[in-house]
Amino acid sequence: MTSKSLGKGANLPVAADSVRAVFGWSGGPGAPRVHVWALLVGPDGRVRADGVVGGPQPQHAAEPVETRPDGPVEVRLAALSPETDRVLLCATAEGGTFGGLGGLELLLTDARDGAPVAEFAIAATTETALVGGELYRRAGQWRFRAVGQGYATGWAGLTADFGAVEPVEAAAPADAAPAPAAPAPAAVVPAPVVPAPVAPAAAEPAEPDWVLPPALPAATEPPPSTVHLRMPPAPAAPPGPAPTTPPGPAAEPSPTPPPPPSTVHLRMPPSGPPGGADAAAPPYVPPVTPPGVPPVGHPGPYQGTPPAGIPVPSLPVDMGKRLSLRKQQVAVSLAKHGAAGVAARVVLVLDASGSMAGLYRKGTVSGVVERMAAVAAQLGEDRPMPAWTFASYPARLPDLVLGGLLEWLQVHVRVGEISLFGRPKKPRKGLLPGQVDMRMVGIQNEEQRVIAEVRAYVRAYPAPVPTLVLFFSDGGVYRNAEIERELREAVEEPVFWQFVGLGQSDYGVLERFDTLPGRRVDNVGFFAVDDIEVLSDPELYDRLLTEFPQWLKAARAAGILH
């Protein structure tokens, strides 16, 4: 049995009751010392108060999780309590960065018989802490995701994203040497202090083996420019025809490309906020329109209804009836929450990352868009709805005009694609007018980029009404610090962000925004649904619009809206 080689962001189910995770690398002169940790994350998305396993606490007091300083992490998944929703498999570098190591990878095996489960090649440069992968629950089953998130700010970066508390230094004899066996458990004092290690005097005890490197000044971690994906070898003459699609359910397909080469050097997008040429020139292609008609989707001012005398496409009869009924249901939901007759510009954002592929194939995303068109029509008085899609990069889609809803769904609702040779310089041939080359979008989750782009659009083209952003994603959120920064800054803007989770994945900081302090108003709403297709229209609209009227009142009282 061979393990499955995963690309960054890919995931797979874990059938083993107990697993062993091992970081592998090759060192050399000046290479850093690596220490391994497990962080236990609760259902709230934060590391539990007693959730740091490693260093002075190599074994958890209550959960079946244990580590060795530079060895494996062992987790008995079947025995974990509901208080642990995820286990982050982490490492820190002492005396250097992970860029000083060669062949850095994370291997996951069955702890009972050593059978390989997955392997993940990790790219690193200036990082001194990283989350290699995570074990997480989904629909009652444990899964593994290849994360590869690094932090040049060391443990402080992990703290900002997950709320982990650095273990407090334990005393060690001066002549103590690193031992392969796990030391006896020691108490952990939960103090959010990150002391820089100080060289001990000759008479003082030697520094313990597990001490973390000092935190660097806060900064956005420099990203790796290349990820080296180790690909599985081609199977040797398997019986029967080789399948063209991955076996099993298609809900979370792995974005790992097909495996003819043994290694693929994949250029990855930068980890920070958008900037440079990519931000200045997003991959947007304006559609071809009849003479005299403003280009639909052009990033311009708040648009009114089409001018008189210009024909607008008509909807199929059944779709038109559904839209009319849904507009009435939206109006009822608004009235129920004290916002009858309110007007707003509605912006749609669609996650196109690789894990969404199954939802696109099943038509779930198309169904969501059709239902959101009714929200935009009721709040925006049938004006065109601006729309974005995103994965590694955001892309502006043509505005959705109600009369062209059917054609819009057929042309623009698509999952992202991966390009083995970096981000293409030119769109591929054969695209329809206004269609985005999804290779430009990629397959990773980089929510902060599309949030920044929507914010820039709202600032550049103010509307006389507030803006409601309807943001759909299946999770996999890991840029928590960057997302939080964008949404905190957006508090002073006339925009409310309604996030909807399509499944049971990890939504990071989005789930915690209702309780985040330090904001004048709560500008974010979030809820998740296991299967949005079985949620009735009235219930969906009630959940979508519950917080929006409250935000309107609070924003007006705070002077954000006039």
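The values are calculated or read from the model by the stated rules, or taken from the named source; none is laboratory data. Here the structure is a predicted model, which means the values were calculated and not measured. Every residue, glycine as well, gets a Cβ built from its backbone with ideal geometry; the counts of neighbours run over all protein chains shown.
For this structure, a couple of remarks:
- So Gly525, is it more than 24 Å from Trp142 (Cα to Cα), surrounded by 20 or more Cβ atoms within 10 Å (Cβ to Cβ) and without any contact (Cβ under 8 Å) to a residue 60 or more places away in the chain: yes
- Verdict on Leu12 being outside any loop (DSSP other than H, G, I, E, B), outside the structural domain of Gly508 (by TED's automatic domain parsing), among the aliphatic types (A, V, I, L, M) and within 14 Å of Ala118 (Cα to Cα): yes
For (1) more than 25 Å from the chain's Cα centre (by Cα); (2) crowded, with 17+ Cβ neighbours inside 10 Å, each residue gets a yes or a no:
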position	(1), (2)
Val346	no, yes
Arg361	no, no
Val369	no, yes
Pro384	yes, yes
Pro394	no, yes
Pro398	no, yes
Leu405	yes, yes
Gly416	no, yes
Lys426	yes, no
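- Selected residue (only one of Ala139, Ala93 is of a type outside the set (Phe, Trp, Tyr), in the same structural domain as Ser26 (by TED's automatic domain parsing) and crowded, with 19+ Cβ neighbours inside 10 Å): Ala93
- Scanning the stretch 109-141 for residues being closer than 26 Å to Ser81 by Cα and of a type in the set (Val, Ile, Thr) gives a total of 3.
- Which numbered condition Arg383 fails, given (1) closer than 18 Å to Phe548 by Cα; (2) in a loop (DSSP other than H, G, I, E, B): (1)
- Taking the listed residues Asp514, Asp542, the one that is in a helix (DSSP H, G or I) and loosely packed, with under 15 Cβ neighbours inside 10 Å is Asp514, with no other qualifying.
- The sole residue among Asp437, Asp399 that is touching a Gly at 6+ places or on another chain (Cβ under 7 Å), among the charged types (D, E, K, R) and modelled with pLDDT of 90 or more is Asp399.
- Taken over the stretch 57-87, the criterion of being crowded, with 17+ Cβ neighbours inside 10 Å, in contact (Cβ under 8 Å) with a residue 24 or more places away in the chain and of a type in the set (A, V, I, L, M, F, W, C) is satisfied by Val65, Val73, Val75, Leu77, Val87.
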